[in-house]
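Heads up: the structure comes next, in structure tokens.
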Amino acid sequence: LTVQVNKPGAPVSQKMYGLFFEDINFAADGGLYPELVKNKSFETDDHLIGWKAIRGAAGLADYRVSSDRPISNANNHFLRLSVKTAGPDAGFVNEGFRGMGVKQGAEYTFSIYARRGPGSIGALNVTLEEPGAGAGPEAPGAGHTLAQAQLTGLTGEWKKYSVVLKPSATSAKARLKLTVEGTGTVDLDVASLFPKDTWGKRENGLRPDLVQLLKDMKPGFLRFPGGCIVEGTTLDNRYQWKETIGDVASRKPMINRWNKEFKHRYTPDYYQSFGLGFFEYFQLSEDIGAEPLPILNVGMACQFNSAELAPISAAKGPNAAGAADEPTLDTFIQDALDLIEFANGPASSPWGAKRVAMGHPAPFNLKMIGIGNEQWGPQYLERYEPFAKAVKAKYPQMQLVSSAGPSPDGDLFDKATAKLREWNAEYIDEHYYASPEWFRQHADRYDNYPTTGPKIFAGEYAAQTVAIGSPDNKNSWDAAISEAAFMTGLERNADKVAMASYAPMLAHVDAWQWTPNMIWFDNLRAFGTANYYVQKMYATNKGTTMLPVQRAAGAKNGADNLFTSAVADDASGDIVVKLVNYSAEARPVAVNLQGVKKLGKTAKAITLASNDLNAVNSLDQPQNLAPAETTFKVSSPNVTYTLAPRSFTVLRIPG
Ligand code: AHR
């Protein structure tokens, strides 16, 4: 192999290797957002998702979701309990998100709004318990108490009560029991159990182990909030960022677009509380050093279900299936302009003031937004054009990411993006989910893309071991090493590819809709898959300038199952070579650093390898596949190294 150190290529985009976040697989509620109470404000519907009346509670005469004099107009439903006979089990249990993960000795703030009605109910008992063996969530008395408290002095007005609970033992499947003392009526709302141990110890902070995994990747950007979540199955359940900021208790929840949606898995209790909203996404981007990239709805539902297109203007009237008062494209454009003001505007601007009021006086330094997720075709283009023009007219510096739809075939870029190219689009977002073999065979995908015009954002990609959407897909070593092979092609085309993100990012082991995913978690633990480590190895070794790599006798990248790319890293002076050996044999390589001027003596090899292509990581074996570091001596510009069978290796050779 010859690495042409003396013929440096394009600068490597410092946004390379970012994160794609979507609220799918319980990624937000039940995942990154650590609220433990499901449906805390009783807004989802009348079915009391997450709550169960305690079975056999003879004292509980009646209960219902009510909206009689609510806390606020935004949060206008609450739970009204009527108790006839006082008893220890007059109350409700909240099941959490497939249970509640609590740690021994850690502190959890329980808070609730309560209002006493007619009768003598004066106190509320709060019990955190581990359900007994075989006990359903509503079984009384079958639990083992982990922490308990009583809230007293309920009055006839809504008032917030709170207490800190410290569990006596760790449990991944705890539940919360609320019972009342006395008889009569009581109203309850916004019941929250929130860990004090959050990222940055923030009151509405995020789950620290998950944030740490993201930060460790040193991601170039964070794309949010999706995915199809941006668009909704219908425009009615699209993501509306304005509904996700301000007081957490007043954010109106919504049934998640992935609820019951996915053909293989049912999660009929999936909703979005928006406790993790746009302010928190910006804050997370800042915390992990990633550039924020919000993706906005372009007036189209997911995969442009044709009846769900916002009319271009009021003058054109509602579309056939739409209501007369449905929003026109102007609403979507205004949302984008307001978002930019929310992120970057001064305290004197209406939306900037809202950011400041939430505790972030400095701008979030938003530099780019995405217009539409995975959209294509004429319907997209006719909406994209006025949208992009309006944003550029007001914010000429704002960089725009436009969409190319889903395609493993590589043809959409040409077919659907000719217009975008004509309009000087800056980034084009391509999505592809395909087999591991496809990834290895398409390491040259970008070799013939134009070097001028829009840069590529590989916004969603992942190898699917069985089929797209199959619940049997695995985060196997075969998938991960094939992605590593493909990514040599991203790196080699640094003049064309500016951003890339694996998708999806997070999944709860007991509540997922999609496979595979980069990071899996339960209520207490989390692990990075082999795919995560591939992403991390690229992101933490991305370097600053692409260096061309030539194979002997003009062999193509990927020939004989060997894939390579290289970069120079100006900060350290290192030459960084990525090598994927997909063959089952160990493979000696000679890396000739052509024209190198300076050479250190000790190089580093970071290796991710397994002979077993089916190997995976898991909660119990989180490091089954993990990078290992070794050093080796370098004595000449012709560096020799033996690649392990089925391995991805990063060589850092000091210059
Ligand atoms: O990543 C899962 C889904 O795949 C995303 O929501 C969508 O953009 C794509 O089709």
**Study point:** Residue pairs, from the table Lys15/Lys536; Lys7/Lys597; Lys103/Lys173; Lys196/Lys536; Lys7/Lys455, whose Cα atoms sit over 18 Å apart
**Key:** Lys196/Lys536; Lys7/Lys455
Check your understanding: Lys/Arg Cβ at +1, Asp/Glu Cβ at -1, dipole of the chain taken about the Cα centre: which of Asn75, Gly105, Ser435 is farthest positive-ward?
Key -> Gly105
Study note, to complete from the structure: Under the 7 Å Cα-to-Cβ spin-label approximation, Tyr161 and Ala123 lie apart by a distance in nanometres of 1.0 nm
Practice item. May I ask you to list the lysines whose Cα is less than 26 Å away from that of Lys84, ignoring any residue fewer than eight positions away on the same chain? Key: Lys40, Lys52, Lys159, Lys160, Lys177
Point to revise | Cα-centred dipole magnitude for the stretch 329-413, charges only on beta-carbon of K, R (+1) and D, E (-1), debye, nearest 20 | key: 480 debye
Practice item. Name the aspartates and glutamates eligible as straight-distance cross-link partners of Lys604: C-alpha to C-alpha under 13 Å, and not fewer than 8 places from it in the same chain. Key: Asp574, Glu629
Check your understanding: Any idea how far apart Thr452 and Ser348 come out in nm if each label point goes 7 Å out from Cα toward Cβ?
Key -> 4.3 nm
Check your understanding: Exposure proxy check: Ile371, Ile121 ranked by fewest other beta carbons within 10 Å?
Key -> Ile121, Ile371
Check your understanding: Given the Cα-Cα distance of Ala357 and Thr170 and 0.36 nm per residue of separation, how much length would full extension add, in nm?
Key -> 63.6 nm
Exercise for review: Under a cut-off of 13 Å between alpha-carbon atoms, report the aspartates and glutamates in cross-link reach of Lys419, not counting same-chain residues fewer than 8 places apart.
Suggested key: Glu382, Glu385
Review point. Could you give the dipole magnitude of the stretch 51-195 about its Cα centre, charging the beta-carbon of Lys and Arg +1 and that of Asp and Glu -1, in debye to the nearest 20?
Key: 120 debye
Check your understanding: Between Lys218 and His47, what is the spin-label point distance in nm, taking each point 7 Å from the Cα along the Cα→C-beta axis?
Key -> 4.7 nm
Study note, to complete from the structure: Contour minus Cα-Cα span, Ala418 to Ala61, at 0.36 nm per residue, comes to 121.9 nm
Practice item. Putting +1 on Lys and Arg Cβ atoms and -1 on Asp and Glu Cβ atoms, find which of Ser501, Gly453, Ala603 reaches farthest to the positive end of the dipole of the chain. Key: Ala603
**Study point:** Segment Ser572-Ser635, length gained on full extension (0.36 nm per residue, minus Cα span)
**Key:** 20.8 nm
Study note, to complete from the structure: Expressed to two decimals, the stretch 51-195 has a Cα Rg over Rh, using the Kirkwood radius, of 0.95
Check your understanding: Any idea what log10 I(q)/I(0) is at q = 0.05, 0.07 Å⁻¹ for the chain, Debye with uniform C-alpha scatterers and no solvent?
Key -> -0.26, -0.50
Check your understanding: Nearest 0.05, what FRET efficiency do Lys7 and Thr145 give at R0 = 56 Å with Cβ-Cβ as r?
Key -> 0.20
**Study point:** Subset of Lys218/Lys496; Lys242/Lys474; Lys38/Lys201 violating a 26 Å alpha-carbon distance limit
**Key:** Lys242/Lys474
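Rule-based calculations on the coordinates, nothing more; no lab input. What you see is a predicted model; the values in this text were computed from it and never measured. Here the Cβ is made from the backbone with ideal geometry for all residues, glycine too, and neighbour counts use every protein chain on show.
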